[in-house]
Amino acid sequence: MEHDWGEPQERPGNEYREGLGGGMTEGRADKAAIRESLRRDKATVTPNCSASSQFCSRCGAWRGCYGLEPTPDCGRPMMELRPDLTDKERDYVLAELKPTIPFHKLPPHLRQYFRHALCSSCYVCHTVLIGRELRRVLRDDGTLFINLGDSYSNDSRGGLRPPSAQCIVKDGRYEGVVERDMSGLKPKDLCGIPWRVALALQADGWYLRSDIIWAKGRDGDIEEIGPGNPMPGSERDRPLSAHEHVFLLTKKARYYYDDDAVRVDWAGGSHRLRNVWFINAKGDSAAHFAQFPPKLVEPCVKAGTSEKGCCPECGAGCVRVLDKTDALDPSHKGSHFDKGKTGARDGGDRTQGGERYKTTTLGWRAGCECGTHTPLDEAPCLVLDCFAGSGTTGEVAMRLGRRFIGIEISQDYVSNIALDRIERGETGLTRREQAAGQETLFW
């Protein structure tokens, strides 16, 4: 049965998503020309999908743009059978229970056979649905890094609002909507979007391995945050938001992670990467509204993929062969453990367990047992970005010698921004710069 979409429900427009706001042109000498060009070309640009949304009169499904759902989180109160169950497992469960039952009535010993049933109109459920598709194509030893910022209830710029538009159906026809608060948020509440998504993905089977704080302070400064350059705000009754979350998720408990590739040089020693990253937000001359800086992508690509490459047959990344030396790692000195009672007792040495000695990389070994490749014929590892946008991930991946697959709904971003940046990451020159060089060479 096909959906029967009702009348569009108009919502306040957002000039920033139409490309006419001041954010993208702030500080640029040619901002007047850019705004005039966008107005002139508005008919050929992807329409502003934040202006309206629709509900199905038959099933209540919602149609609109991802990120602009009428409610951030439905709470997922229902469970459904996992689609990957065997016939024997399915028959066993159905002999005792119905396929969909309230979560609080599900016996603990049967929960492994169920997963959360997703709604059709909340941001968290849509993100979990995307996560399921990423899980389907991700290697078992692969990693997923997801960057999320937060928003506030009734924040019209973000498009996320706590009341859910529940459709009213009479005699099979759509009659209107009634506001219903499904998230429990009050006006001015912080929505907690990053952690709602992270916990929902965790409940859906992902391993939540780390919550990385992207602090928009001075680049690499771990002594002093400084003013940084966060998004400005007009509120005066709370601190200015200056951080976002980057969650590390995996399919399995054991996965590929190159800890030595992301060590940080600081204060005369090489330190393990911490989970607070001080990186200034960095814009670009291209007209994109949510670019993240390349420095935010680099540790994700370096840690999640092997710089040496992977097996061309199975895709397993090459693993470092490490040798532990007798030299103390200076990154483990000077801690509070050294200065406490146990430190004084043991001559100022840290007494807690952990890696206290430096290691060196002797070489690389295959991460699989295929036995079909030598160290000279590994294939580059593969990086996927399902929201490629302006191509930041692609540029970084190509510059670091990885392969890249990007998915992006906007043809304008792909043609006018992303392809040039990815070319720059691979060759050091954009397509336009290469073309200019060829014109000079063959003049």
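The values are calculated or read from the model by the stated rules, or taken from the named source; none is laboratory data. Keep in mind it's a predicted model, so treat the numbers as computed, not measured. All Cβ positions, glycine included, derive from the backbone under ideal geometry; neighbour counts span all protein chains shown. Protein only, heavy atoms only, side chains kept; ligands, DNA and RNA dropped before computing areas. Shrake-Rupley method; radii C 1.70, N 1.55, O 1.52, S 1.80 Å.
Values as computed for the structure displayed
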item: Where a residue in segment 357-372 is of a type in the set (A, V, I, L, M, F, W, C) and its partner, wherever it lies, is open to solvent by 60 Å² or more (accessible area, probe 1.4 Å) and not in a loop (DSSP other than H, G, I, E, B), with Cβ under 6 Å and at least six apart; result: Leu362/Asp323
item: Residues being within 28 Å of the chain's Cα centre (by Cα) and at pLDDT 90 or above - total across segment 363-387; result: 8
item: Residue, modelled with the highest pLDDT, within segment 110-152, restricted to residues that are closer than 19 Å to Thr71 by Cβ and among the polar types (S, T, N, Q); result: Thr127
item: Every residue from segment 58-94 that is open to solvent by 50 Å² or more (accessible area, probe 1.4 Å) and of a type in the set (S, T, N, Q); result: Thr86
item: In segment 63-103, residue modelled with the highest pLDDT [restricted to those that are out of contact with any Gly (no Cβ under 9 Å at 6 or more places or on another chain) and within 23 Å of Lys186 (Cα to Cα)]; result: Tyr66
item: Neighbours by Cβ (under 6 Å, 6+ apart or cross-chain): first from segment 109-137, surrounded by fewer than 17 Cβ atoms within 10 Å (Cβ to Cβ) and in a helix (DSSP H, G or I); second at pLDDT below 85 and not charged (D, E, K, R); result: Leu129/Leu118
item: Hits in segment 248-275 - residues which are under 24 Å from Ala198 (Cβ atoms), acidic (Asp, Glu) and free of Cβ contacts under 8 Å to residues at least 60 places away in the same chain; result: Asp259
item: Condition met for Arg320 (at pLDDT 85 or above and not in a strand (DSSP E or B)); result: no
item: Single unsatisfied condition, Glu439 versus (1) part of a helix (DSSP H, G or I); (2) modelled with pLDDT of 70 or more; (3) among the charged types (D, E, K, R); (4) open to solvent by 40 Å² or more (accessible area, probe 1.4 Å); result: (2)
item: Residue list for segment 246-277, filter: of a type in the set (Phe, Trp, Tyr) and either modelled with pLDDT of 90 or more or closer than 30 Å to Arg139 by Cβ (or both); result: Phe247, Tyr255, Tyr256, Tyr257, Trp277
item: Condition check for Asp204: within 22 Å of Asp385 (Cβ to Cβ), open to solvent by 30 Å² or more (accessible area, probe 1.4 Å), modelled with pLDDT of 60 or more and among the acidic types (Asp, Glu); result: no
item: Residues located in segment 392-421, provided they are closer than 20 Å to Glu307 by Cα and of a type outside the set (Lys, Arg); result: Thr392, Thr393, Gly394, Glu395, Val396, Ala397, Met398, Leu400, Gly401, Phe404, Ile405, Gly406
